[in-house]
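Below: one structure, written as structure tokens.
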Amino acid sequence: MIDAPVVLLGGGEHQTAFSKVNAMIFKGLSARGVDVRSDLKPDLRNFVVIHHNFLEDFQEVVFPPADIRVAFRPWDFGPYPPAWVSKINAETDQLWVYCNWAREKAIEGGVRADMVHVVPLGVDLAVTGFPEGQAYPFSKKAAFRFLFVGAAVHRKGMDILLEAYRRYFSAGDDVCLVIKDHTRDVFYDQQSYRDQIHGMVEDSSGPAVEYIDSYLPEDQLSELIRSCDVGVYPYRAEGFALPVLELMARGLPCIVPRFGPCLDYSSDDSAYFVEAERIKLPLSRKLPYNTLGFQVDVAELDFCEVPVDVLGKQMRAVYSHPEGIAEKGYAAQKRARSFTWAHTVDRMLYALS
């Protein structure tokens with residue numbers, strides 16, 4: 001148990017993924033009897049601060065004089081940027097990352113290994129623990145549905161997914177690709193493939209596509225996931241890929257690259273892996289990493305690329321031979337439900353002990 005107050009900086013009131021994470025962490029710490037707060041008081045002494053706020057440029061963050069200063073900071077694109085590494089080593093006591101891939105990349109970038117702790121994200125069993133329920137009211141009928149939940153952006157491989165689906169399926173297939181986007185998420189403004197997706201939705205000569213561009217409350221999101229068959233995530237770079245874990249927790253196996261964060265919670269018995277090409281590039285220039293205008297000097301990129309044909313063939317194989325989906329889904333559900341928010345809080349408290 002932590003006796004000192006814990007200040008979690010980042011907020012949990014926005015309709016963004018990281019805000020949802022903060023809200024669950026705040027709730028979990030409070031349930032353990034931790035005095036957790038969301039803001040700094042001028043007279044606060046002897047406290048722990050956890051900075052998990054992506055609405056601030058990390059290079060400009062001023063860490064308060066806490067007893068323990070934690071940067072909870074993923075980086076999707078390879079070795080951590082030099083400016084971040086210098087700041088973490090000089091101004092914080094710990095760096096928390098979501099997965100072992102990020103830990104490896106932080107250390108490769110120069111963060112001291114003893115500072116880096118893996119604190120994985122989790123799923124809410126109160127939401128995911130009910131496999132039965134209403135079906136989602138889709139506008140298009142199909143016997144089989146692939147599902148993508150998340151920001152439909154380049155980093156997450158949306159262009160690869162659209163091309164693979166268009167290339168390997170036709171209007172004659174009893175299939176639908178469901179894309180659940182959220183273009184009003186502040187971190188993905190003007191990055192979505194929305195126009196291309198709408199074009200495929202309206203093209204009656206091609207395979208069916210259903211596009212949902214809105215923030216869904218948890219009950220509707222559960223309905224959506226339960227009403228689909230297999231998730232598909234050909235990401236190039238990810239910090240954790242929480243939607244994959246959330247689909248798994250509801251019994252959906254996912255098509256994912258054999259690369260990066262999903263290797264922490266996916267295996268051959270619970271996922272459909274596709275082989276990806278690893279790309280490591282020296283960069284030595286500024287990289288804009290979100291739509292808020294934040295940029296950072298990056299020395300190297302390390303990401304993956306799933307070939308369109310590799311993804312398309314896997315999607316076609318799963319659609320044509322669905323008999324193994326239920327078994328993989330069961331294994332996926334069992335594995336994902338060990339990644340609870342209580343487990344996340346356990347790892348946080350262990351790191352602070």
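The values are calculated or read from the model by the stated rules, or taken from the named source; none is laboratory data. All values derive from a computational prediction rather than experimental measurement. Quick reminder, even Gly has a Cβ in these numbers, built from the backbone with ideal geometry, and neighbours come from all protein chains shown. All accessible areas refer to the heavy atoms of the entire protein, side chains included, with ligands and DNA or RNA removed. Shrake-Rupley method; radii C 1.70, N 1.55, O 1.52, S 1.80 Å.
Just a few scattered comments:
- Filter pass, ALA143 being within 30 Å of CYS228 (Cα to Cα), exposed (fewer than 13 other Cβ atoms within 10 Å of the Cβ) and touching a residue at least 24 places away in the same chain (Cβ under 8 Å): yes
- Answer from LEU349, LEU301, LEU283, LEU287 - the residue that is part of a strand (DSSP E or B), at pLDDT 95 or above and surrounded by fewer than 20 Cβ atoms within 10 Å (Cβ to Cβ): LEU301
- For the stretch 279-291, the condition of being within 19 Å of the chain's Cα centre (by Cα), charged (D, E, K, R) and within 25 Å of VAL118 (Cβ to Cβ) holds for none of the residues.
- With respect to the stated conditions, VAL36 fails to be open to solvent by less than 10 Å² (accessible area, probe 1.4 Å) and among the β-branched types (Val, Ile, Thr).
- If you filter the stretch 93-130 down to residues that are open to solvent by 20 Å² or more (accessible area, probe 1.4 Å) and in a loop (DSSP other than H, G, I, E, B), you find that the one that is nearest to PRO243 (Cα to Cα) is ASP124.
- Pair list, Cβ under 6 Å, 6 or more apart: the stretch 287-304 residue under 13 Å from GLY78 (Cα atoms), other residue of a type in the set (Lys, Arg) and part of a strand (DSSP E or B): ASP297/LYS286; ASP302/LYS280; CYS304/ARG278
- Residue that is nearest to GLY157 (Cα to Cα), among those in the stretch 251-270 that are touching a residue at least 12 places away in the same chain (Cβ under 8 Å) and surrounded by fewer than 17 Cβ atoms within 10 Å (Cβ to Cβ): ARG258
- Restricting the stretch 251-273 to residues that are part of a loop (DSSP other than H, G, I, E, B) and touching a Gly at 6+ places or on another chain (Cβ under 6 Å), the residue that is farthest from ALA208 (Cα to Cα) is GLY251.
- Verdict on PHE47 being modelled with pLDDT of 95 or more, surrounded by 19 or more Cβ atoms within 10 Å (Cβ to Cβ), under 16 Å from THR92 (Cβ atoms) and of a type in the set (A, V, I, L, M, F, W, C): yes
- Per the listing PHE63, PHE26, PHE18, the residue uniquely outside any strand (DSSP E or B), farther than 29 Å from CYS304 by Cβ and open to solvent by less than 40 Å² (accessible area, probe 1.4 Å) is PHE63.
- Taken over the stretch 193-250, residues that are part of a helix (DSSP H, G or I), open to solvent by 10 Å² or more (accessible area, probe 1.4 Å), closer than 25 Å to TYR289 by Cβ and not polar (S, T, N, Q) amount to 5.
- Matching option when the condition is under 14 Å from the mean Cα position of the chain (by Cα) and on the phi < 0 side of the Ramachandran plot, among ALA164, ALA237, ALA208, ALA171: ALA237
- Condition check for PRO74: at pLDDT below 95 and open to solvent by 50 Å² or more (accessible area, probe 1.4 Å): no
- Tally, over the stretch 138-155, of residues that are out of contact with any Gly (no Cβ under 9 Å at 6 or more places or on another chain) and part of a strand (DSSP E or B): 2
- For the stretch 160-170, the condition of being touching a residue at least 24 places away in the same chain (Cβ under 8 Å), open to solvent by less than 20 Å² (accessible area, probe 1.4 Å), assigned to a loop (DSSP other than H, G, I, E, B) and among the aromatic types (Phe, Trp, Tyr) holds for at least one residue.
- SER205 modelled with pLDDT of 95 or more, of a type outside the set (D, E, K, R) and more than 21 Å from PRO307 (Cα to Cα): yes
- Close pairs (9 angstrom Cβ cut-off, 6 or more residues apart or separate chains): at positive phi in the stretch 28-43, assigned to a loop (DSSP other than H, G, I, E, B) and modelled with pLDDT under 95 anywhere: GLY33/MET1
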